[in-house]
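Here is the structure we will look at.
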Amino acid sequence: KELTVYVEDKVAKLMLETLLESATRKRIYIIDVGSKENLVRMIGSHYRNDSLGKAIAIADGDLTEKELRGWYKTHMLRAYKGEAFNEEKFQQESKVLFSKFAGDNAPEKYMLEKLKESEDFTRYVDDSDEFVSFIACEISLSDHHGLFRVVERVVLFFGDEFSNIKKFIEKGLNE
């Protein structure tokens, strides 16, 4: 494979697998690593071993620049043999190595927000009145893990909002 793409969890992995065309999926590994800090840790470890090839990471939407900067100092700079932190280098490398999913939280919560925003989309997923009522009245953002079954439909319906992720992966393949 030409590129390893690290993501936080299985939902993010499923979203990418759904979003990307088959030709791109065949060229990459998508690996879920459990947390946003682990994304940075894995990129640092990956680059300690040149034989592993290229890697990028895509975090959930709730990754902050402050968190990324802190973990970069802890995990990435170790990969560069104790190099001192340099803000300009951080800004440059973080744009090449890290991206985030749309929204400002977990993909499950993003999908639930999209379902709650649009009855048309909710009906696109499942046209039953029961489902529409369930989404509108029963399920809350704190109960977001029940949405795994609608990942593919969300990504396809709102695919344009993920174009930056597709471009980021293509750029990683081509650099």
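FYI, it's all coordinate maths here, none of it is from the lab. As the structure is a computational prediction, the values presented were derived from the model and not from experiment. Counting neighbours? That spans all protein chains shown, and the Cβs are built from the backbone with ideal geometry, glycine included.
For this structure, a couple of remarks:
- Cα long-axis angle, helix 107-117 against the chain (0 to 90 degrees, to the nearest 10): 30
- Stretching Asn105 away from Asp127 to a fully extended chain increases their span by 5.2 nm, per 0.36 nm per residue minus the current alpha-carbon distance.
- About the Cα centre, charge dipole magnitude for the stretch 54-105 (Lys/Arg +1, Asp/Glu -1 at Cβ), debye: 280
- Taking a straight Cα-Cα cut-off under 22 Å and skipping sequence neighbours fewer than 8 places away in the same chain, the lysines within cross-link reach of Lys36 are Lys10, Lys13, Lys54, Lys66, Lys73, Lys89, Lys95, Lys100, Lys109, Lys166, Lys167, Lys171.
- Principal-axis tilt of helix 10-19 within the chain, Cα atoms, nearest 10 degrees: 80
- Candidate values (1) 12, 44, 37, 7, 0; (2) 7, 23, 23, 26, 17, 4, 0; (3) 9, 36, 31, 16, 6, 1, label of the one derived for P(r) over Cα pairs in 10 Å bins from 0, in percent: (3)
- Unit Cα scatterers, Debye sum, the stretch 15-65: log10 I(q)/I(0) for q = 0.31 Å⁻¹: -1.21
- Selection from Ala106, Gly61, Ile28 lying farthest towards where the dipole of the chain points positive, charges on Cβ: Ile28
- With R₀ set to 35 Å, the beta-carbon distance separating Glu161 from Asp50 gives a calculated FRET efficiency near 0.50.
- Stretch gain in nm, segment Lys89-Thr64, where the contour uses 0.36 nm per residue and the Cα spacing is subtracted: 7.2 nm
- Trypsin sites (Lys or Arg not before Pro) within the stretch 58-130: DSSP coil, no more than 14 neighbouring Cβ in 10 Å: Lys81
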